[in-house]
Every structure is written in structure tokens, then in C-alpha cells.
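What follows is one structure encoded as C-alpha cells, with my remarks underneath.
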């Protein structure tokens, strides 16, 4: 029956609805560029969500943990095979996404008798050859887009948009890590609040501006339920790998006011 | 199903990107002698001093009687705490070092934990074992030293391991030297460590002077070992492996020590 075109389109539509349902509760991931590199930030009830892919590449995902693991493993494998066959400097985010993650997620999404990856991914590269490709976000259907100064993935499109809107048009990448952390935390809270309002179907609430009290409540809630996780790709690190998970001490300055 | 073992070598083999070398048919082992009999023209030296391990290698690459290159790097860092010092066939040695580095990185990133010291030693053994056909044919023997400084756990501190051509590894306590120049300095190293002053008590400056003296001695009697060449400012390669990580000893420091020793001037 699926060889009939409209049935196939119907099945794909069902998959999109299924994915939206599965993803809508996800905690967003925010990415911002800052003076020394790139910052990724999210909240988690415990397990790590931000990962090193290669020396200058990091990834994060929202969705089903097992699917995020598969995608994380896949992109790491691709990066290292590339580094072995060519060289470390030939591992680029653009190629990892365009020829790796994107097609992998698209293929799973199109195979309607198998489960798609219930995940959205954001991948960041430190100092890519094209500065407009610092971040890539990849949706569950394999579609991807790049950005220069900021990126967000979330359970819903509106939540991700709320994050980017909160970050604004400010394209100043020369801010300190402390400033970047504050901006990312504030934007993450905006995405979380938007998702909660959608979830509660508070249609009247949806357009209400986000206040400082809302932000404090959202971040406080995240700290009660788990922890804030952040990682950087820092070009000032002396090691080959530029990825570093921020410690609680690194985050304390930004989080103290919310405890 | 994706392979979740974190074994990068298996991934390459599954994809056909790591062909196993074979012994060519009709190959005559009498012609080149047993594995390890081929010359490993170089001198590599590692010794434990007060703060960690110094690893040094000369810069000369030879083919028979011909000096092919005078700036070869034979001491390579494979991660943030360990280095591989290589004697043997450069092509295979570099490939093994490269595979080792990427395998360690791949394991750490996929498994979210460092590969244990025993796991790293085993991985290098596997690579050497895989290389056996090349060694048997007399064109690809590799005899490395693996030096690491473990930052925590029961094996914390500096360690020096040497391998035979078949992949067996042995830990040495005070020092290790391989390559064609090593027999020349091995006795001297033992003597100095046993009856002069133990290397483990020496500071870095003292240990560095000793390393430069030993390489110069090896170069004096072994044509495959390059000495300090003042006219071209070619210095040996020396790395320190300590709890703070791996750092190259800058050529300026080597020059200062050479001056103090009045060697090569």
C-alpha cells in the first residue's frame, strides 16, 4: 500500500508528527561564539550531553539518549577515519555534516519501516575555514543549516527561535567566557520557558514577554532537577584537543545568583 | 549495528582501509636473517630523572651507507601524556605512531574515558604483531619505546616500556636505549646510574647534559646515528614527559647545554 504516492507522503507526515511528539520535552542546547572560541550550554538531569568529536569539533543532541549516542559515535568514527586517511587538518565540520550526519539521519528518516533517529543535533567547529560555518544544526529528517555566531536546538521550532531571538542580532564574538555564559544561560532559559508554555498550551501566555523573574525561575528549576552543563572549544588551550568541559567552579560565577 | 567497542583498528579493518601485510610468496628468509637482525639505524634513549622521563633521539635517517636525511623526527607524542620513540623502518614506524595516536583519541572520545595503560600497551603490541610480515621480509621492522607519565591511579608516575619486533613489551626501571647506537652507550649508562649517581636523583639540567653526552658518544662510533651538527644547527630531539604533560626541550636550551659541555664547538 505504501507504493501509492499519497500513502508514502502520509507515512512521512506521520513520522514528522511522531518526532515532534517525542522531541517536544527536550531541554534546549545553546551555542555561542566568544572571544576564545565557542561555548555550548544545556541542562541535564545527570548524564553528559555535550561531547568532543575531534580536536576542534564538539557536538550535542536533544532527543532519545540511545539515538544521540549512535549519532555521536557515527560522527566520531567518520572524523577519525578521515583524520587517518587524510590528515587532522582535513577534518572539517562542513564535510562531517554534509557527507556524514545529514545523509545518515535523512536515510533513517526516509526508511518508513524502520525507526528514525529521534534526535536533533548541533555541531560546532573552532575557527572553520568559512566563519559562517561555525555551527551546524541538523534536524531529525537530515536537513541542516549553518550559522556563524550562535545556534540552538530544542524540542520545538518555537523554542529554538525564542533562544535565537533572545540572543538577538548581537554578533559580538569578542565577549569573555563569563559574558558568553550569562548570555547563553539567559537564552537557554528563554527556550525552556517557551517550550513549557507550549506544553501547557498556554496560548495567551505564549506571546507574553519573558521577564527576569521567568528566567530566574527556569534556571532555578533546572538546578533543582539536575545541573547546567557547559563546554568550550578554546583556541588558547595548549593541547591538540581544544574541547574542555567546564567545571562547577567555572560555572559558579554565572549560576550563583540562581541558587 | 554500529560497533561500540571503541576499537579504531577494527573499524579500519572492517572498511578495508587497513590491509594486513603479507609475506610475499617465494620470499627467502635466509637472505635477510631473522626478524630484528635488520639494522635499526639510530639511537633512541629514555631515562627516568627526578621529575619524570627525558626521551631523546638523533635526527639521522639512513639507507645502508647513505645518509638520507638529517632532520628526522623519531620522538613523537601520541597523546597529552605519552610519547613513542621509534627505531626501524620510518614508513612503518610513522604509520604505527599515527595509528596509535588516532586510536587513543578515538577510544577516549567514543568511550568517554581514557584507555588504561595496559590497554595502550596492548594496542601497540597488536600493531607490532600486525607488522610482523613486513619485519620478516626485512623491509619494515619497528622497535619502539613507549614512555608515559600516568597522572593518577596505582600506576601514577613515569614509565618506560620497550618492545621487541614481535610485540612483546617490557618495563625498564632506570633507562632504556634502542637502535644501532644503543650497544655503544648501554654499558656507560649502567655504569653512571650504578656507580656515579642514580638518574632518578638527578635534576633536569643534569639529566639533559647526560642525554646529550650519550647521544654524542653513540654518534662518534655509529655511522647511523647523527650527532650535533653546529654548522647546520641540527640538534637531537629531546622531550620531557612529566606530570605536567609533554614538552619539547627548545633548541636554545640544547644549545646552552652543548656550550656548557663544550661539545661540537
Sequence-separation-based contact order of chain B, relative, with Cα cut under 8 Å and 6+ spacing, percent: 27 percent
Gaussian network model of chain A, Cα within-10 Å springs - most flexible of A:81, A:29, A:62: A:81
Cα shape, the range A:49-169, gyration tensor, a/c 1.5 rule: oblate
Choice from B:69, B:94, B:49 showing the highest fluctuation, given a GNM over chain B with Cα pairs closer than 10 Å: B:69
Average beta carbon contacts from partner chains per residue of B:93-101, 10 Å cutoff: 1
Per-residue average of Cβ from other chains inside 10 Å of A:68-79: 3
Directionally averaged shadow of chain B, computed from the convex hull of its alpha-carbon atoms, nm²: 15.5 nm²
Relative contact order computed over chain A (Cα-Cα under 8 Å; 6+ residues apart), in percent: 26 percent
Gained length - residue A:111 relative to residue A:13, 0.36 nm times residue gap less alpha-carbon distance: 34.0 nm
Cα centroid of the range A:85-156 to Cα centroid of the range B:147-225, whole Å: 48 Å
Mean Cβ count within 10 Å, highest first, over the residues of peptides B:227-234, B:151-158: B:227-234, B:151-158
The range A:27-256: C-alpha gyration tensor shape, a/c 1.5 cut-off, then a/b vs b/c: oblate
Cα-based shape type of the range B:121-226, given that a ≥ b ≥ c are square roots of the gyration tensor eigenvalues and the cut on a/c is 1.5: oblate
Inter-chain Cβ neighbour average for residues B:103-111, partner chain, 10 Å: 5
Scaled radius of gyration (Cα, divided by 2.2 N^0.38 Å) that the range A:139-187 gives: 1.23
Cα-based Kirkwood hydrodynamic radius, the protein assembly as shown, one decimal, Å: 26.0 Å
Most mobile of A:157, A:230, A:26 in a GNM of chain A (Cα contacts under 10 Å): A:157
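Only the coordinates and a few stated rules stand behind these numbers; no lab work does. Model, not experiment: these values are computed from the prediction. Note that we place each Cβ from the backbone using ideal geometry, even for glycine, and neighbour counts take in every protein chain shown.
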